[in-house]
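Engineer: A single structure is presented below for examination.
The values are calculated or read from the model by the stated rules, or taken from the named source; none is laboratory data. Values in this document were obtained by computation on a predicted structure and should not be read as measured data. Reconstructed Cβ throughout: ideal geometry from the backbone, glycine too, with neighbour counts over all protein chains shown.
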Amino acid sequence: MQEHNGQHRNYVMETGYGLMDAVRERCARCAGRSVSICNVIDDEDLPVLVAESSRVTVPAGRCFISEGAPAHDFYVLTGGRAKLFSLMPDGRRQIIGFAELGDFLGLASSDTYAFTAEALGDVTLCRFPHSSIDRLVERFPRLRCRLQKEASSELVKTQARLMLLGRKTARERLASFLIEQASPCCAHGQTITDEHGPLTLALPMSRTDIADYLGLTIETVSRTFGLFKKEGLISVKGASAATLLKPGRLNDMANGIKRD
């Protein structure tokens, strides 16, 4: 356990491993390798990747990025989920996203981090110092293209979020959130239809987190969940999972398409 840059972090670093042991332990078992920036690195070059990074574990409820702290590192999420948020000067919180497997965090940071990242349940990460990324990009040109693609994806997400908060109704916002959470269950870029259902989603975030993300009150979120259940669109067991019974209809609702 250790403190890093004065921030409250609870990390367990890998120790006592040789480089090839670390490759076998980290990369061979990594569920995020196929969807993260690492997927452009060939297997024979993984020792280089491992040498430039470190494995980090963060327990539930702990922050591994703090808004305003010096931005020394990038992170790839290799297990678990995290919520990303910013604080207003008066202490109000705005959740800006939920990071999932393979997400690359810190790309848009300059001298300081623009958001806080908190673990939802236990999280595992690969941490890359800024200098490591510079060396890796120089050695593996395809990585530069992959990072540019990541930056483009972040821009698309930002534009979608502006639409979510600026134009959509409460029902459309919650439908958008559920479809967003369901998207990793389907092939990349594939439109979600009723043929995909039922789709069961893990929702490790609280209803308050969802409300903050959607710019709604927790009462509105709870009421809308209840309406979706009553209409047969979803089923809910407990607070940490939901099943989309009619994902195609929810996808249409998220996009403002009305059905008869």
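Engineer: If a residue counts only when it is among the charged types (D, E, K, R) and loosely packed, with under 14 Cβ neighbours inside 10 Å, which helices (runs of 4 or more DSSP H) contained entirely in region 205-260 have at least 2 such residues?
Structural biologist: Where helices (runs of 4 or more DSSP H) fall fully within region 205-260 and carry at least 2 residues being among the charged types (D, E, K, R) and loosely packed, with under 14 Cβ neighbours inside 10 Å, they are 218-230.
Engineer: I'm told Leu174 meets every condition in (1) in contact with a Leu (Cβ under 7 Å, 6 or more places away or on another chain); (2) over 19 Å from Ala160 (Cβ atoms); (3) outside any loop (DSSP other than H, G, I, E, B) except one. Can you identify the failing condition by its number?
Structural biologist: (2)
Engineer: OK, next. Looking at region 2-44, which of the residues that are of a type in the set (Asp, Glu) and surrounded by 14 or more Cβ atoms within 10 Å (Cβ to Cβ) is modelled with the lowest pLDDT?
Structural biologist: My answer is Glu14.
Engineer: Still on this structure, I have one more. Please verify whether Ser183 is free of Cβ contacts under 8 Å to residues at least 40 places away in the same chain, assigned to a helix (DSSP H, G or I), closer than 27 Å to Ser153 by Cα and not assigned by TED's automatic domain parsing to the domain that holds Arg93, treating the condition exactly as stated.
Structural biologist: yes
Engineer: Confirm whether Arg146 is at pLDDT 90 or above, over 16 Å from Gly32 (Cβ atoms) and part of a helix (DSSP H, G or I).
Structural biologist: Judged against the criteria, Arg146 is not a match.
Engineer: Any idea how many residues of region 25-73 are among the aliphatic types (A, V, I, L, M) and closer than 20 Å to Ala117 by Cβ?
Structural biologist: Counting residues in region 25-73 that are among the aliphatic types (A, V, I, L, M) and closer than 20 Å to Ala117 by Cβ gives 9.
Engineer: Answer with yes or no whether Glu180 is of a type in the set (D, E, K, R) and out of contact with any helix residue (DSSP H, G or I) (no Cβ under 7 Å at 6 or more places or on another chain).
Structural biologist: Spelling it out, Glu180 is indeed of a type in the set (D, E, K, R) and out of contact with any helix residue (DSSP H, G or I) (no Cβ under 7 Å at 6 or more places or on another chain).
Engineer: In region 149-190, what residues are surrounded by 12 or more Cβ atoms within 10 Å (Cβ to Cβ), within 20 Å of Lys246 (Cα to Cα) and at pLDDT below 90?
Structural biologist: Ala182, Ser183, Pro184, Cys185, Cys186
Engineer: Can Glu118 be described as at pLDDT below 95, acidic (Asp, Glu) and surrounded by 15 or more Cβ atoms within 10 Å (Cβ to Cβ)?
Structural biologist: Taking the combined requirement at face value, the residue does not satisfy it.
Yes/no matrix, rows are residues, columns are (1) in contact (Cβ under 8 Å) with a residue 40 or more places away in the chain; (2) farther than 16 Å from Phe98 by Cα:
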{"residue": "Thr116", "(1), (2)": "yes, no"}
{"residue": "His130", "(1), (2)": "yes, yes"}
{"residue": "Glu138", "(1), (2)": "no, yes"}
{"residue": "Arg146", "(1), (2)": "yes, yes"}
{"residue": "Ala151", "(1), (2)": "yes, yes"}
{"residue": "Leu164", "(1), (2)": "yes, no"}
{"residue": "Arg171", "(1), (2)": "yes, yes"}
{"residue": "Leu174", "(1), (2)": "yes, no"}
{"residue": "Phe177", "(1), (2)": "no, no"}
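Engineer: Going through region 133-143 one residue at a time, which ones are assigned to a helix (DSSP H, G or I), at pLDDT 90 or above and surrounded by 14 or more Cβ atoms within 10 Å (Cβ to Cβ)?
Structural biologist: Arg135, Leu136, Val137, Leu143, listed by residue number.
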